[in-house]
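The block underneath contains the structure these notes are about, expressed in structure tokens.
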Amino acid sequence: MKRHFLIPPTLILTVSFLLSPAIAFAFELPKWFPFSSERSLDEWETKICKCRVRFEVEKEKSGASLHALSFSSASAIFYRIKERYRVQDYPLLSWKWKVVRFPDKEKLKIRKGIERDDYAARVYVIFPSLNFLSSKVLEYVWDELLPLEAIFNSPYSANIKLIVIQTSAKELGKWVTEERNVLADYRRAFGKEPMLKVGAVALMSDADNTADIAEAYFDDIKIGYKKER
Amino acid sequence: MHKPNRRRRYFIKSGLQTRYLRLILTAIILPAVLFGACLYYLIFYLMAEQLGIPESIAYNITPVLGKINLILLFGLPVIAVAVLFWGLLISHRIAGPVYRLEKELDKIAKGDFSLRIKFRRKDELASVAAGINKVLDKIEGKK
């Protein structure tokens with residue numbers, strides 16, 4: 001019996017299987033979240049640290065966006081990147097955000113530490129490691145008290161670096177567009193080349209430590225791309 | 001009153017008993033360490049995956065990890081000593097009768113057919129000793 005007819009389908013299946021990660025990867029990046037409907041949150045997981053922050057897609061005159069409202073709470077929405085990518089290949093990350101209310105840190109007597117670790121808006125870029133204690137994290141925060149482009153360690157771990165990229169209270173209530181070169185920021189923050197791949201992006205608004213209210217909006221998150229030449 | 005037959009030496013015929021001891025310890029310790037290490041890693045890795053947010057991981061898991069490591073630091077040597085003692089007891093149960101059998105068979109080989117090998121009922125090789133005693137009975141019966 002001639003089996004030549006089996007060769008093309010077998011070949012196609014084998015090649016498809018070998019190429020499938022590359023194909024999935026190619027289709028996934030850049031990943032864009034316009035938050036145009038409630039279904040936009042389907043791919044995001046809720047991660048609760050201390051009580052739940054309300055994350056909802058809200059429609060405004062200018063369009064829909066993601067509204068985050070924290071009442072003495074801290075939780076995030078977390079997007080797990082199925083095929084982790086090298087930030088050297090796709091260094092850019094962009095988004096739009098708007099802060100409506102900052103948690104009141106002025107009322108706190110202490111000047112630094114976990115108690116002041118509240119921000120109206122945070123964007124996380126997570127580089128997971130097999131040893132989870134060695135995972136690296138960049139957090140872009142909007143804070144009205146800290147200097148612009150300040151980089152400092154999270155009070156929880158030196159592997160978590162916070163970068164203040166918005167500091168002006170004048171922009172309160174206004175949409176601001178950000179585009180960050182995550183690779184350059186990583187090098188500045190950690191002082192070395194990233195060895196791990198980007199595995200997740202998360203958004204948070206928290207006011208648990210100050211026991212106050214924080215409110216922000218997020219929109220048009222674009223993950224993993226590079227500038228076209 | 002009949003005194004219980006207890007061996008006084010717990011480490012006899014070092015070559016044989018050491019081999020058994022090594023075997024027993026490997027059979028207990030190796031799987032336990034492998035299983036324990038996998039479980040240890042898996043639990044914390046899965047918890048970290050579930051928590052997701054790095055601050056939450058650092059706040060919740062790191063202190064627990066520290067406490068567990070402290071318990072292991074003090075607990076593992078105690079467990080190691082207990083396992084060693086247990087291994088010594090078990091290897092003695094095997095090596096003891098073998099050594100006794102060797103000595104008695106040496107005497108029998110020199111011509112002392114009146115000798116009967118006495119083992120405790122719970123000893124390993126007690127049935128072998130009983131079989132040898134039957135053979136000796138038959139030999140003595142034929143004389």
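The values are calculated or read from the model by the stated rules, or taken from the named source; none is laboratory data. As the structure is a prediction and not an experimental result, all values here were calculated from the model. FYI the Cβ positions are ideal-geometry reconstructions off the backbone, even for glycines, and counts take in every protein chain you see. When the accessible area is computed, the model is the full protein with side chains, heavy atoms only, and any ligands, DNA or RNA have been set aside. Shrake-Rupley method; radii C 1.70, N 1.55, O 1.52, S 1.80 Å.
On the basis of being modelled with pLDDT of 95 or more, within 24 Å of B:G52 (Cα to Cα), crowded, with 20+ Cβ neighbours inside 10 Å and of a type in the set (D, E, K, R), does A:D206 make the cut? First the steps, then the outcome.
Working: modelled with pLDDT of 95 or more: no; within 24 Å of B:G52 (Cα to Cα): yes; crowded, with 20+ Cβ neighbours inside 10 Å: yes; of a type in the set (D, E, K, R): yes.
The answer is no for A:D206.
Could you tell me which of the residues A:L92, A:L148, A:L138 is farther than 17 Å from A:L196 by Cβ and either in contact (Cβ under 8 Å) with a residue 60 or more places away in the chain or within 14 Å of another protein chain (Cβ to nearest Cβ) (or both)?
Numbers: A:L148 fails: either in contact (Cβ under 8 Å) with a residue 60 or more places away in the chain or within 14 Å of another protein chain (Cβ to nearest Cβ) (or both); A:L138 fails: farther than 17 Å from A:L196 by Cβ.
Going through A:L92, A:L148, A:L138 in turn, the sole match is A:L92.
Can you report the number of residues in the range A:45-71 which are on the phi > 0 side of the Ramachandran plot and either touching a helix residue (DSSP H, G or I) at 6+ places or on another chain (Cβ under 6 Å) or surrounded by 13 or more Cβ atoms within 10 Å (Cβ to Cβ) (or both)?
Kept after step one, since they are on the phi > 0 side of the Ramachandran plot, are these residues of the range A:45-71: A:51, A:63.
Among the residues that remain, those that are also either touching a helix residue (DSSP H, G or I) at 6+ places or on another chain (Cβ under 6 Å) or surrounded by 13 or more Cβ atoms within 10 Å (Cβ to Cβ) (or both) are: A:51.
Result for the range A:45-71: 1.
Taking the stated definitions as given, is A:M204 within 25 Å of A:S70 (Cα to Cα) and either of a type outside the set (G, A, S) or away from chain B (no Cβ under 14 Å) (or both)? Don't jump to the end; show me each part of the working.
Details: within 25 Å of A:S70 (Cα to Cα): yes; either of a type outside the set (G, A, S) or away from chain B (no Cβ under 14 Å) (or both): yes.
Considered against the rule, which asks whether it is within 25 Å of A:S70 (Cα to Cα) and either of a type outside the set (G, A, S) or away from chain B (no Cβ under 14 Å) (or both), A:M204 comes out as yes.
Consider A:N131 against the criteria (1) without any contact (Cβ under 8 Å) to a residue 12 or more places away in the chain; (2) touching a helix residue (DSSP H, G or I) at 6+ places or on another chain (Cβ under 7 Å): it satisfies all of them except one. Which criterion is unmet?
Here A:N131 meets the rest and fails (2).
Which number in (1) in contact (Cβ under 8 Å) with a residue 24 or more places away in the chain; (2) assigned to a helix (DSSP H, G or I); (3) among the hydroxyl-bearing types (S, T, Y) marks the one condition that B:Y45 misses?
Just one mismatch for B:Y45, condition (1).
Tell me yes or no: at least one residue of the range A:131-139 is open to solvent by less than 10 Å² (accessible area, probe 1.4 Å), touching a Gly at 6+ places or on another chain (Cβ under 8 Å) and not β-branched (V, I, T). Break it down into steps so the answer makes sense when it comes.
First, the residues of the range A:131-139 that are open to solvent by less than 10 Å² (accessible area, probe 1.4 Å): A:137-139.
Now narrow it down to the ones that are touching a Gly at 6+ places or on another chain (Cβ under 8 Å): none.
No, that holds for no residue.
Of the residues that sit in the range B:25-48 and are among the aliphatic types (A, V, I, L, M), within 12 Å of chain A (Cβ to nearest Cβ) and surrounded by 13 or more Cβ atoms within 10 Å (Cβ to Cβ), which one is farthest from A:S205 (Cα to Cα)?
B:I43
Which residues, taken from the range B:49-72, are in a helix (DSSP H, G or I), buried (at least 18 other Cβ atoms within 10 Å of the Cβ) and of a type in the set (G, A, S)?
B:S56, B:A58, listed by residue number.
Count, please, the residues in the range A:160-189 that happen to be crowded, with 18+ Cβ neighbours inside 10 Å and either within 14 Å of chain B (Cβ to nearest Cβ) or over 25 Å from A:Y85 (Cβ atoms) (or both).
6
Of the residues B:R22, B:R6, only one is surrounded by fewer than 14 Cβ atoms within 10 Å (Cβ to Cβ), over 30 Å from A:F127 (Cβ atoms) and modelled with pLDDT of 85 or more; which?
Details: B:R6 fails: modelled with pLDDT of 85 or more.
Residue meeting the stated conditions: B:R22.
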